[in-house]
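Following: one structure in structure tokens, then a few remarks.
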């Protein structure tokens, strides 16, 4: 009986530790440049999405200035772009993806 209890405790312990390894936080998937711009505006910070494309991000007091402040603006062909406003920071955030 004592060995059965020890076996049971070992099994429960290994199951619990296996669940800790399996459970992981999910990362949000950013599909479009507009989605990423909205996320930047919510966070109030400029962070690249590592989407696998050349991407420029910028901020400004107007939507046009945010676009012009993006990396590579005017130097590459635009594939996708998005602009969003953050009422918290009172700034516009732009994301442009290039070919």
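Just so you know, all these numbers are worked out from the coordinates, no wet-lab data involved. Predicted model only: the values in this text are computed from it and were never measured. Here the Cβ positions follow ideal geometry from the backbone for every residue, glycine too, while neighbour counts run over all protein chains shown.
At a Förster radius of 30 Å, what calculated FRET efficiency corresponds to the Cβ-Cβ distance of residue 68 and residue 31, to the nearest 0.05? That pair, residue 68 with residue 31, gives E of 0.75. For the stretch 33-98, the relative contact order is 42 percent, taking Cα pairs closer than 8 Å that sit 6 or more residues apart in sequence and dividing their mean separation by the residue count.
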